[in-house]
Amino acid sequence: MTGPAVILLGAMGAGKTSVGRELAARLDLPFDDLDAMIVAEAGRPIPDIFAREGEDGFRRLEAAVLERALSASRGTRGVLSLGGGAVMDRGSRERLRGGPIVLLEVEEQVAAGRLGRGHGRPMLAGGEDPMIRWRELAAERGPVYRELARWRIDAGRGTAPAVARAITDMMGQDLLSGPEEKNA
């Protein structure tokens, strides 16, 4: 089977990248971060993409990069962490539906500690308190996250290695067999 073995989803500050790296190392699989893939393709940082092309331009690029990351032609069965807004595109949501998605849930206070003032995060820019915007995004995106997630885990407790270990324990046999094998 090709395509990601695990896809991590969650709000900003949930730890998708740090947990994803730990999980990939634990499973001896490659790790990809969708935001890093976007930066590599665009040749510039995400804040620059937002500044030059706006959120709509960024979301179009994000959807295209995600489609390639999910395609069987990539041939990689690894761990993929998504940006918080990647699932808001209808086409992306449909491509992800039924996938091996783990939702990393995090309380607002934990996210606030991890995000600080939100520097380098265009979706949090523009206000005095970035957590006001974080709450708005969490309320908007949360139902979509929960709809797509096959598994949910509290990522606000413990270290990234501890959360990665909890994910492997929770997913169990599903890590060894993809949806095609389970339903065959």
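Observations on the model:
- The residues of the range 1-24 that are touching a residue at least 60 places away in the same chain (Cβ under 8 Å) and assigned to a helix (DSSP H, G or I), listed by number, are Lys16, Thr17, Ser18, Val19, Gly20, Arg21, Glu22, Leu23.
- Among the residues making up the range 154-167, those that are touching a residue at least 12 places away in the same chain (Cβ under 8 Å) and open to solvent by 20 Å² or more (accessible area, probe 1.4 Å) are Asp154, Gly156, Ala160, Pro161, Arg165, Ala166.
- Selected residue [of a type in the set (Asp, Glu) and outside any helix (DSSP H, G or I)] from Asp32, Asp48, Asp56: Asp32
- Residue match in the range 78-92 (condition: at pLDDT 90 or above and over 14 Å from the mean Cα position of the chain (by Cα)): yes
- The range 2-56, residues that are among the acidic types (Asp, Glu) and out of contact with any Leu (no Cβ under 9 Å at 6 or more places or on another chain): Glu22, Asp28, Asp48, Glu55, Asp56
- Of the criteria (1) exposed (fewer than 12 other Cβ atoms within 10 Å of the Cβ); (2) over 16 Å from the mean Cα position of the chain (by Cα); (3) modelled with pLDDT of 85 or more, which one Glu128 fails: (3)
- Leu23 vs. criteria open to solvent by less than 50 Å² (accessible area, probe 1.4 Å) and closer than 15 Å to Ala86 by Cβ: no
Listed here are the residues, each with its yes/no results for (1) crowded, with 21+ Cβ neighbours inside 10 Å; (2) modelled with pLDDT of 95 or more; (3) under 20 Å from Leu148 (Cβ atoms).
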site	(1), (2), (3)
Ile7	yes, yes, yes
Ala11	yes, no, yes
Lys16	yes, no, yes
Val19	yes, yes, yes
Pro30	no, no, no
Phe50	no, no, no
Glu53	no, no, no
Asp56	no, no, no
Arg59	no, no, yes
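- Across the range 35-45, the number of residues qualifying as loosely packed, with under 14 Cβ neighbours inside 10 Å and not in a helix (DSSP H, G or I) comes to 2.
The values are calculated or read from the model by the stated rules, or taken from the named source; none is laboratory data. Source: prediction; values computed, not measured. Backbone-built Cβ (ideal geometry, glycine too); neighbour counts: all protein chains shown. In case anyone asks, the SASA skips ligands and DNA or RNA and just uses the protein heavy atoms, side chains included. Shrake-Rupley method; radii C 1.70, N 1.55, O 1.52, S 1.80 Å.
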